Amino acid sequence: MQHFIDEAVITIQSGNGGPGCVSFRREKFIPFGGPNGGDGGDGGSVIFTVKQNLRTLYNLKLKRNFKAQSGTPGMGSQKNGKKGEDVVIEVPPGTMLYDFETNDLIKDLKEIDAFFLILEGGKGGKGNTHFKSSTNQAPRYAQPGLSGHKMILRVELKLIADVGLLGFPNAGKSTLLSVVTRARPKIANYPFTTLTPNLGVFVIDDLSYVMADIPGIIEGASNGAGLGIKFLKHIERTKIILYVINLEEDNYLEQFGKLNYELKQYSKILAKKDYLISASKFDIANSIERVKNLENRLKKKIIPFSSITKKGLNDLMYALKTKISQVENEGIKE
């Protein structure tokens with residue numbers, strides 16, 4: 001199983017251009033033939049591509065240096081050198097490329113199968129054929145190839161999902177994800193079972209949506225407590241947030257306020273995202289009463305559900321579909 005890695009520092013380098021060739025035509029009856037040196041091959045480039053099946057930057061932790069091939073030198077008889085092979089680096093959607101030295105954002109890679117050429121290879125040098133003139137019939141000069149480019153990148157991943165689940169540890173988020181999608185997160189009845197974000201796809205009326213289970217938040221998370229901001233950033237890309245309130249806990253009435261506070265402390269923009277509030281473990285004895293108390297306290301609609309009995313799940317899925325559609329339509333209008 002791959003480890004979830006969402007940050008990496010890598011060095012990338014494009015290939016050098018091959019040098020042009022100094023060569024002259026030499027045949028039996030043509031002792032003083034003209035120049036026929038070929039051009040050097042271009043150096044390989046460094047290219048990023050986005051792959052939907054990737055969910056981590058683990059491959060960038062394993063290999064931190066990426067260098068494209070240099071072009072080969074030109075040859076006689078006007079034979080050009082071979083272009084160096086490109087380096088193609090595969091990353092998951094939501095990958096952001098930063099200049100390590102300036103911290104400037106270079107590219108935000110969101111679209112599946114998109115290609116981004118970040119460093120172009122050096123141009124190959126021209127052979128001496130190009131430098132023949134009326135005053136210089138036998139040029140003994142060819143261009144050297146241009147050098148490639150080198151850069152250090154900070155690569156950061158922020159997951160892209162339609163729904164981001166937000167709740168305290170043991171709120172039932174992982175169980176919900178496993179029930180409504182094909183994801184198989186680790187599930188147990190103790191805090192911090194989920195140590196990495198998990199993604200799953202749920203389908204409503206033939207429409208597919210991506211749901212992200214973010215590791216449980218604790219008080220002080222925005223200041224780095226617990227798993228802290230390491231995982232809070234992964235809900236920045238979600239279209240909507242689904243708060244998951246644990247009805248089984250005695251502090252169920254305070255959970256939304258505390259979660260929302262941590263969100264505001266981390267990012268005021270994030271705290272303004274559209275959201276729904278759900279209540280998990282709707283199968284406990286006093287669940288109906290607790291849902292009513294929660295609605296009276298928050299003055300908002302609460303969507304209760306039980307991942308065990310499946311009660312309320314259908315209502316929750318359709319509510320998510322409706323909310324996502326509203327957000328997408330608002331985005332089109334803007």
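No lab work stands behind these numbers, since they all come straight from the coordinates. As the structure is a computational prediction, the values presented were derived from the model and not from experiment. Positions of Cβ are backbone-derived with ideal geometry, glycine not excepted, and every protein chain shown enters the neighbour counts.
Things to note:
- Calculated P(r) over Cα pairs in 10 Å bins from 0, in percent (choose from (1) 5, 23, 28, 24, 15, 5, 0; (2) 6, 21, 23, 16, 11, 8, 7, 5, 3, 1, 0; (3) 6, 25, 32, 21, 11, 4, 0, 0), label: (2)
- Rounded to whole Hz, the Karplus (6.51, -1.76, 1.60) HN-Hα couplings of region 311-321, x for glycine and proline: 5, x, 5, 4, 4, 5, 4, 6, 5, 5, 4
- Taking the fewest neighbouring Cβ atoms within 10 Å as the starting point, the ordered list for T129, T322 is T322, T129.
- Net charge, L60 excluded, C-beta distance under 11 Å - Lys, Arg +1, Asp, Glu -1: 0
- Amide hydrogen proximity for G84: with H placed 1.01 Å from N in the peptide plane, the residues at 5 or more positions away or on another chain lying under 5 Å are D42, G43, G44, G71, T72.
- Fraction of beta bridges assigned by DSSP in the chain that are antiparallel (%, nearest 5): 55
- Local net charge near G81, Cβ-Cβ under 9 Å (Lys/Arg +1, Asp/Glu -1): +1
- Each stretch of four or more DSSP H residues adds -39500 (n - 2.57); spread over every residue of the chain, this sum gives -5500 deg cm²/dmol at 222 nm.
- Across the chain, C-alpha contacts under 8 Å between residues 6 or more apart give a mean separation that, scaled by the residue count, equals a relative contact order of 15 percent.
- Segments 260-266, 136-142 sorted - mean Cβ within 10 Å per residue, highest first: 260-266, 136-142
- Stokes-Einstein diffusion coefficient of region 1-157, Kirkwood radius over Cα pairs, 25 °C, 0.890 mPa s, in µm²/s: 141
- The ranking of I269, I302, I118, I152 from fewest to most other beta carbons within 10 Å of each one's beta carbon is I269, I152, I118, I302.
- Residue-count net charge about I10 - beta-carbon cut-off 10 Å; Lys, Arg +1, Asp, Glu -1: +4
- Cut-off under 5 Å, modelled amide H: who pairs with I89 long-range: I47, F48, T49
- Percentage relative contact order, region 1-157, counting C-alpha pairs under 8 Å, at least six apart: 36
- Principal-axis tilt of helix 255-266 within the chain, Cα atoms, nearest 10 degrees: 30
- Among beta bridges from DSSP that stay inside region 1-137, the antiparallel ones total about 60%.
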